[in-house]
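Peer 1: Structure below; questions to follow.
The values are calculated or read from the model by the stated rules, or taken from the named source; none is laboratory data. This one's a predicted model, so the numbers in the text were calculated from it and none came from an experiment. With ideal geometry, Cβ positions are generated from the backbone for all residues, glycine too; neighbour counts draw on all protein chains shown. Accessible surface areas use protein heavy atoms only, side chains included; no ligands, DNA or RNA. Shrake-Rupley method; radii C 1.70, N 1.55, O 1.52, S 1.80 Å.
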Amino acid sequence: LAQPLVLFIGRVGHDKGALHAAEAVRALNDRGTHATLALVGPMAPEFKRYHRRLPIAERAFIRPLGVVDEDTKQHLLSRSRALVLPSRVESFGLVFLEAWSHGVPVIGARAGGIPDVIDHGVNGFLVDYGDVAALAAHLHMLLEDRPLATRMGERGRQKLTAVYTWDTVCERLLTLYRQVLIRRGHRPSTGENG
């Protein structure tokens, strides 16, 4: 693709914000900021209808790819300038971590568990669910300001390694269990024989 690639990964439907992502990219292209939106994941009927109604010229930069294999997904992530998932139904958002592993900045919605993952203005941006104008504005910033996008992607990678590795998650979980046991009057085990 000659144009910058924006990636969406998830169920390609309304609740996940796929239509809002498409509308934001359409608005950017209308204003001269060229980008292609690739949507990876199973396509919901409402998105199929939406995509069929798009003018043929716009279908060239709104590209539903369906379900892809892991290698293809990682390749797309490595080529992306930004990952967008402006969903109102995410409990966590694993795809943000996948994007950060490639140094890619992210945009998510202020809904569900997403605000607990993305630090607004640090490693990505948060927008209100359904706010196409804000989504387009933040995408514009990431596409036009490469140093900003690089900084945010790198900060995301740093957060991934500091907070979300298996070792870090296990250690936090063990600490939590120890605290619960101490509060209940139990002495936690400190080793195999402890």
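Peer 1: Which is touching a Phe, Trp or Tyr at 6+ places or on another chain (Cβ under 7 Å), open to solvent by less than 40 Å² (accessible area, probe 1.4 Å), closer than 22 Å to residue 38 by Cβ and in a loop (DSSP other than H, G, I, E, B), of 118, 107? Break it down into steps so the answer makes sense when it comes.
Peer 2: On the way: 107 fails: in a loop (DSSP other than H, G, I, E, B).
That would be 118, the only listed residue that is touching a Phe, Trp or Tyr at 6+ places or on another chain (Cβ under 7 Å), open to solvent by less than 40 Å² (accessible area, probe 1.4 Å), closer than 22 Å to residue 38 by Cβ and in a loop (DSSP other than H, G, I, E, B).
Peer 1: Would you check if residue 84 is of a type in the set (Val, Ile, Thr), within 24 Å of residue 47 (Cα to Cα), at pLDDT 95 or above and assigned to a helix (DSSP H, G or I)?
Peer 2: Working: of a type in the set (Val, Ile, Thr): yes; within 24 Å of residue 47 (Cα to Cα): yes; at pLDDT 95 or above: yes; assigned to a helix (DSSP H, G or I): no.
Criteria not met by residue 84.
Peer 1: Can I ask one more? Looking at the range 14-26 only, could you name the residues that are closer than 14 Å to residue 130 by Cβ, in contact (Cβ under 8 Å) with a residue 40 or more places away in the chain and open to solvent by less than 50 Å² (accessible area, probe 1.4 Å)? First the steps, then the outcome.
Peer 2: Filtering the range 14-26 down to residues closer than 14 Å to residue 130 by Cβ leaves 14-24.
Right, trim to in contact (Cβ under 8 Å) with a residue 40 or more places away in the chain and you get 15-17, 20-24.
Of everything in the range 14-26, those that are closer than 14 Å to residue 130 by Cβ, in contact (Cβ under 8 Å) with a residue 40 or more places away in the chain and open to solvent by less than 50 Å² (accessible area, probe 1.4 Å) turn out to be 16, 17, 20, 21, 22, 24.
Peer 1: For the range 136-153, state whether one or more residues are closer than 17 Å to residue 6 by Cβ and among the hydroxyl-bearing types (Ser, Thr, Tyr).
Peer 2: Checked against the condition, which is being closer than 17 Å to residue 6 by Cβ and among the hydroxyl-bearing types (Ser, Thr, Tyr), the range 136-153 yields at least one hit.
Peer 1: Just checking, does the range 3-13 include any residue being touching a Phe, Trp or Tyr at 6+ places or on another chain (Cβ under 9 Å), under 23 Å from residue 79 (Cα atoms), open to solvent by 20 Å² or more (accessible area, probe 1.4 Å) and polar (S, T, N, Q)?
Peer 2: Among the residues of the range 3-13, at least one is touching a Phe, Trp or Tyr at 6+ places or on another chain (Cβ under 9 Å), under 23 Å from residue 79 (Cα atoms), open to solvent by 20 Å² or more (accessible area, probe 1.4 Å) and polar (S, T, N, Q), which makes the answer yes.
Peer 1: Taking the condition of being assigned to a loop (DSSP other than H, G, I, E, B) and surrounded by fewer than 17 Cβ atoms within 10 Å (Cβ to Cβ), how many residues in the range 43-68 meet it? Give the derivation first.
Peer 2: To start, the set of residues in the range 43-68 that are assigned to a loop (DSSP other than H, G, I, E, B) comprises 44, 54-55, 60-61, 67-68.
Okay, now just the ones that are also surrounded by fewer than 17 Cβ atoms within 10 Å (Cβ to Cβ), so 54-55, 60, 67-68.
Number satisfying all stated conditions: 5.
Peer 1: Scan the range 87-104 residue by residue and report those that are touching a Gly at 6+ places or on another chain (Cβ under 7 Å) and open to solvent by 50 Å² or more (accessible area, probe 1.4 Å).
Peer 2: Listed by number, the residues that qualify are 88, 89, 91, 92.
Peer 1: Hand me the list of helices (runs of 4 or more DSSP H) wholly inside the range 124-194 holding 2 or more residues that are modelled with pLDDT of 95 or more, open to solvent by less than 50 Å² (accessible area, probe 1.4 Å) and touching a Lys or Arg at 6+ places or on another chain (Cβ under 8 Å). Lay out the reasoning, then the answer.
Peer 2: Details: elements: 132-144, 146-163, 166-183.
Result: 132-144.
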